[in-house]
Each structure stands twice: as C-alpha cells, then as structure tokens.
Amino acid sequence: MTSPASFTDFAETISANARIIDEFLNSNSTIPRPSFAPDGPIGFPCPPQITPIHAAREALLDASKKLYQLALGPLESLFELAVRCHDSACLHAIYRFDMAAKVPVDGEKSFAEIAEAIGVDEDRTRRVLKFAMTNGLFKEARPGFVSHTSVSALMAQNTMGVNAVVGHVIDDTYPASCKLADTMEKYPVPKNRLIETPFAMAYQTGEPFFDYMKKHPHRINRFQEAMRAINNSGPYSGETLAQGYDWSPFESGTLVDVGGSSGHTALKIADASSISNIIVQDINVKEVKNAQKGLEKKYEGRVRFMEHDFFKPQPVKDADAYFFRLIFHDWPDQECIEILRNLVPALKSGASILICDSVLPEPNTVPNRLEKEARICDLHMLSLIGSTEREIGAWQSLFAAADPRFKFIGAKQPSGSVLSVVEAKWEANGALANGGDTNGVNGS
Ligand SMILES: C[S@@+](CC[C@H](N)C(=O)[O-])C[C@H]1O[C@@H](n2cnc3c(N)ncnc32)[C@H](O)[C@@H]1O
C-alpha cells in the first residue's frame, strides 16, 4: 500500500522549484517577470534550451496540480471535471461575440456597454463574463465594470494570431468533441474511420474533415491561420524543430519535404542547416506555384517546390532524406502504410525517413501536463479526422507493416518541441540479410 500523500511534501516540492525559477529570473535582468498584468510576457519567459529551468517549471506545475486535487478530494475533483462543459461553453460565447475586443486593454466597460456592443441581453452577457472571470479571463475590479487580465488581453489584441487558434478549437472542435460518446455508440468498431467521426456527426456531413472544411471558407481560412500561428512560435513551431534537430547528416545531400505546404518549415530548416538541395512537395497546386513564385533570392538553387500526391509513387529518386511534418497524424494506419510504400521505388540504401509528429509517452514517464498535451492532440485527431497520434511501438509497427526493409531507428525530441522526429532507414538488402520476407512490397 502506498503511504498517504502529504500536503507539506507537495508544498515543499513547489517551494524548491519555485526558488530555482526565481533565482534564474533574478540573475537574468533582461528576462521579463511572469505577471497577471495585461502587458506581461505572454508565455513562460525562459528560452527552451535552458532545460533545468523548464524541468523545475514542470515539477512545480505537477506538484501544484496534485496539491490542488488532494485539497479538493475525489468527489469535488470529479464534479469539477464534469462541469468543465461550462468553461468551454462560455469561452465559445466570448469568442463568437468577440467580447474581448469590446473592452479596451487599458480601460474598462460596464456589462451593459458590452451587451449593447454585441447585441445580446445584459443578463446573459454578464453571466457568461462572470463565469469566465472564475477562470482568469477578464476581471471585475470595480463592481459592474469589466477589465482585462493578461489572458483576456491576448484575445482583445489577437496577440500572435491566438484568436484563430482559440476559434478553431472552440468553434470547430468543441461541437465535434461533444459527439464522441455518440459516435462510439453508433460505430462500436468503425469501418471507415475518416467519415465515422464526431466531427462528421456534429456537422451532419458524410465527408472527411478537410473536404467539409474546404467548402466552408471561413472555417478553412481560420484553420490555416491557426496553423500559421502555431507554426510561427512555441513548442509546435518549425523554428524549434529546425534549431533543435541535427541536420548535419544530410548536409551535402537532398531532403524532400513531403506535404510541406508552402515550405514554411523547409525554409527554416534551410536557414538552420547547410543542406544543399531541398525539395518541397504538396498536392495543393496553387500553394506550390505561389511558394515557388514568392521564393526569396537567398534560397534560389537550393529550395524548389513541386506538385506531388503522396498516395502516388515518389518521383524524387535517391534523396538522402524524406521528411514528413504533421502528415502521418492526419491518417489512419492503412493510409500511412500506403504513404510509406509509395516511397519504396525511390529509395536508395541508407536513405532516412524522418517523420515529425507527436510520440505519445509511455505511462508515467513524463509530467502529467505534458502527457495531457500529447493526449489533447490525439483526441483532436480522433474527433475531427478519425486519425491518431502514436506511441513509439505504433510507429515501429507502421514501418514494419509497410516493408521489412525499413530499419526503425527511434525518435528524438528537439528541446522545447512538443513534436519528435521519428526515424527509419531504408536498407535495400536488410530484410533479405535478416532472412525477412519482402513479398507483396510495391515497386521493389
Ligand atoms: C497538416 S498540413 C502539414 C503541412 C506541413 N508539413 C507542416 O508541417 O506545417 C498537411 C499538408 O499535407 C498536404 N496534403 C494533403 N494531402 C496530400 C497528398 N495526398 N499529397 C501531398 N500533400 C498532401 C496539405 O495540402 C497540407 O499542406
């Protein structure tokens, strides 16, 4: 039997890690102090490379959450979970009516003024805002008047494009997530994962997510804006990947970025490495043409764009690396196997296949918050697309199922990145040397 957890033990873990963080901040006067004020830093103000401080932050967050839950007790913890539907509902209303923008960042507005500005009765406006305040979104410093906290100020100013991200989650995804249980009941074992989704049920469509989105310009534009915002900075950014991964093995060779969109990641990799030849492929002809046309001079002769459908055989032969970022998590296993098999005819021995996606953690190996971050992505994929994030064993199985000549190497997580790079190498004679079976492999 485990011994009962102690409030003091958790509090001491919090104190010890808080001291580490405070000492770091005190000795670095150029780094801004975290604050609740609307003009404070928008994230944890420590560069991702300084890993001990990030480890202290995670330990502090983990212990704080455990202490909070211990103090609540199981019954109230459960109720608190159950009523989170109202957190999402109020954020949805705030987003839909752009309430944050109705309050000046350095001033205040009465509930009546906000209600008038959004054209909704004061009673519901006030109740939604009052509830949101319990989550740190807005405050009522003076009775009857609403002003911003650091969190609501982000929405008011659309800092770094946050509203597209919030909108995609709360306006596209939240209605879909409410249908998860219904789809599990209706399709106990899904036959077509791409259309038997919570999203398809919520939006009453028989289409896969992206097909539906493309027919609704405001949704697809917002989705693309959200992806740009996520790509530009933070733990999902191409910058974090480009800087945090060792590209030197491909320095004098060719890297193909498959499904690379407008090249936003490939260009960052080009900046951070000396790879001499980078080819960006995408099925979106318009994007490919625009990207090639708008390519800055400094990349000419080094980066080029081409149209390619990754469900067709790979036309670029003998590249050193085939790179896929945020592609495989969009597809169920069978389609991923097809994508891998379409590489086979082009592969030279020793070529690397680099897949940049989440690797779901093994149980009890990472702090709860990081596990939850990865699991949120997984449920996002499940709710919208019918696809999945994968654990390391699932990545290994995918390569093995595609062709035994893919030699699975493993996964590396660049520092500060939520995504990992999963690598396999093509060994043209590997499976034969190992006595493996290559029957049924396309294009060999
Ligand atoms: C989630 S985005 C990822 C884009 C980019 N790799 C990144 O990391 O931001 C998926 C990309 O795959 C492209 N795509 C979808 N289906 C494709 C296909 N069959 N062949 C090639 N590209 C495809 C889309 O046009 C889009 O640019």
Worksheet, complete the sentence: When restricted to 207, 196, the only residue assigned to a loop (DSSP other than H, G, I, E, B), of a type in the set (D, E, K, R) and in contact (Cβ under 8 Å) with a residue 24 or more places away in the chain is 196
Worksheet entry | Check on residue 172, part of a helix (DSSP H, G or I) and not assigned by TED's automatic domain parsing to the domain that holds residue 310 | yes
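Every residue, every condition in (1) of a type in the set (A, V, I, L, M, F, W, C); (2) under 24 Å from residue 342 (Cα atoms), yes or no:
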{"site": "245", "(1), (2)": "no, no"}
{"site": "266", "(1), (2)": "yes, yes"}
{"site": "273", "(1), (2)": "no, no"}
{"site": "285", "(1), (2)": "yes, yes"}
{"site": "298", "(1), (2)": "no, no"}
{"site": "305", "(1), (2)": "yes, yes"}
{"site": "313", "(1), (2)": "no, yes"}
{"site": "316", "(1), (2)": "yes, yes"}
{"site": "319", "(1), (2)": "yes, yes"}
Worksheet entry | Test: residue in segment 373-389 that is within 16 Å of the ligand (Cβ to nearest atom), surrounded by fewer than 20 Cβ atoms within 10 Å (Cβ to Cβ), assigned by TED's automatic domain parsing to the domain that holds residue 402 and in a strand (DSSP E or B) | no
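Quick one: which residue in 290, 277, 284 is under 25 Å from the mean Cα position of the chain (by Cα) and among the polar types (S, T, N, Q)?
284
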Practice prompt. Give the residues of segment 214-234 that are on the phi < 0 side of the Ramachandran plot and touching a residue at least 12 places away in the same chain (Cβ under 8 Å), sorted by residue number.
Written response: 219, 222, 223, 225, 226, 228, 229, 230, 231, 232, 233
Item to complete: Could you tell me which of the residues 64, 77, 88 is farther than 25 Å from residue 10 by Cα and among the hydroxyl-bearing types (Ser, Thr, Tyr)?
Response: 88
Discussion item. Which pairs turn up if I take residues in segment 260-277 that are under 14 Å from residue 292 (Cβ atoms) and look for partners that are of a type in the set (Asp, Glu) and near the ligand (Cβ under 9 Å from one of its atoms) with beta carbon separation below 8 Å, at least 6 apart in sequence or on another chain?
Written reply: 260/282; 261/282; 261/287; 262/282; 262/287; 263/257; 266/257
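If I filter segment 240-259 down to residues being small (Gly, Ala, Ser) and touching a residue at least 60 places away in the same chain (Cβ under 8 Å), which single residue comes out as farthest from residue 296 (Cα to Cα)?
Applying the filter and picking the extreme gives 244.
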Item to complete: For segment 192-199, state whether one or more residues are closer than 16 Å to residue 161 by Cβ and surrounded by 19 or more Cβ atoms within 10 Å (Cβ to Cβ).
Response: no
Fill in: Any chance residue 426 is surrounded by 18 or more Cβ atoms within 10 Å (Cβ to Cβ), of a type in the set (Phe, Trp, Tyr) and more than 23 Å from residue 379 (Cβ to Cβ)
yes
Discussion item. Any residue that is surrounded by 15 or more Cβ atoms within 10 Å (Cβ to Cβ), basic (Lys, Arg), modelled with pLDDT of 90 or more and more than 14 Å from the ligand (Cβ to nearest atom) - is there at least one of those in segment 212-226?
Written reply: yes
Worksheet item: Just one of the numbered conditions (1) within 11 Å of the ligand (Cβ to nearest atom); (2) surrounded by 19 or more Cβ atoms within 10 Å (Cβ to Cβ); (3) among the hydrophobic types (A, V, I, L, M, F, W, C) is not true of residue 275; which one?
Response: (1)
Worksheet item: Among 359, 316, 285, which is assigned by TED's automatic domain parsing to the domain that holds residue 409 and under 19 Å from residue 237 (Cβ atoms)?
Response: 359
Worksheet item: Looking at residue 293, is it among the charged types (D, E, K, R), modelled with pLDDT of 95 or more and out of contact with any helix residue (DSSP H, G or I) (no Cβ under 8 Å at 6 or more places or on another chain)?
Response: yes
Discussion item. If the requirement is being under 26 Å from the mean Cα position of the chain (by Cα), surrounded by fewer than 20 Cβ atoms within 10 Å (Cβ to Cβ) and at pLDDT 95 or above, which of these qualifies: 392, 339?
Written reply: 392
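Where residues in segment 291-329 are part of a helix (DSSP H, G or I) and surrounded by fewer than 20 Cβ atoms within 10 Å (Cβ to Cβ), which of them is nearest to the ligand (Cβ to nearest atom)?
Taking the candidates together, the pick is 292.
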Worksheet item: Regarding residue 262, is this residue part of a loop (DSSP other than H, G, I, E, B), of a type in the set (Ser, Thr, Tyr), within 16 Å of the ligand (Cβ to nearest atom) and assigned by TED's automatic domain parsing to the domain that holds residue 338?
Response: yes
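The values are calculated or read from the model by the stated rules, or taken from the named source; none is laboratory data. A quick note: this is a predicted structure, and the numbers were derived from the prediction, not measured. Cβ: placed from backbone, ideal geometry, glycine included. Neighbour counts: every protein chain shown.
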